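The values are calculated or read from the model by the stated rules, or taken from the named source; none is laboratory data. Everything numeric in this text was worked out from a predicted model, so none of it was measured. All Cβ positions, even for glycine, are placed from backbone atoms using ideal geometry, and neighbour counts span all protein chains on display.
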Amino acid sequence: MGDVEIRQVHYFIAVAEEGNFTRAAQRLSMTQPALSRAILALEKAVGATLLLRTPKGATLTAAGHAMLEEGRSLLAQAGNVTSRVRRAAERNASVTLTGPGCDAALLDRMVRSYNEADPAHPARTAVGTIDDQLGRLRSGQADIALVRAPRGRERTEQRGAAPRTDQCAGGRPAPAGGGKDPARRRSGR
């Protein structure tokens, strides 16, 4: 087994989506034999057959389905690298918190509290739907997202440090109420 290159993953996804090497090669502006060699090299690198080749086209194997899912995720992450690195390199970068419109007042209080501590990177807010927030978080346009999981869907995605329930933004002690955030105190959760 060898190393997998992002270029190979991109090629594989094109073949998987087109279901045909010739159409995928046209889409990628390359020759079909070069594309076939790249896919064979990818299969060798991962140690599995990803595509069943037939005269009519190509179909995914079980390993191919897994590669397609993982490959799409990998390309999405790779696409965010440039914006994240540029943002990290900014001298006056800010910390961006995003939350739903109904929590705008809470967001505003958190940002003001954090900024009063005179941090090296001041905070700013962005309001949006849950999908907007998670998109900003995944793309690196936001650092923190305040989201509420729908009832029955308790699993959440966390990146970075887990939040502390005993402190507010800016390191101040949490208000009375057992360390719960204000939204949880209102709902009794």
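Within region 1-48, the set of residues being at negative phi and among the small types (G, A, S) comprises G2, A14, A16, A24, A25, A34, S36, A38, A41, A45, A48. Scanning region 114-147 for residues that are farther than 20 Å from R72 by Cβ and either acidic (D, E) or in a helix (DSSP H, G or I) (or both) returns Y114, N115, E116, D118, I130, D132, Q133, D143.
Taking the condition of being in contact with a helix residue (DSSP H, G or I) (Cβ under 7 Å, 6 or more places away or on another chain) and either modelled with pLDDT of 95 or more or in a helix (DSSP H, G or I) (or both), how many residues in region 1-26 meet it? If you could, list the steps in order and put the result at the bottom.
So the first thing to find is which residues in region 1-26 are in contact with a helix residue (DSSP H, G or I) (Cβ under 7 Å, 6 or more places away or on another chain), and the list is 1-4, 6, 8-16, 18, 21-22, 24-25.
Then keep just the ones that are either modelled with pLDDT of 95 or more or in a helix (DSSP H, G or I) (or both); that gives 6, 8-16, 18, 21-22, 24-25.
Result for region 1-26: 15.
Give the number of residues within region 27-66 that are over 12 Å from Y11 (Cβ atoms), touching a Ser or Thr at 6+ places or on another chain (Cβ under 8 Å) and in a loop (DSSP other than H, G, I, E, B). Matching residues across region 27-66 total 3.
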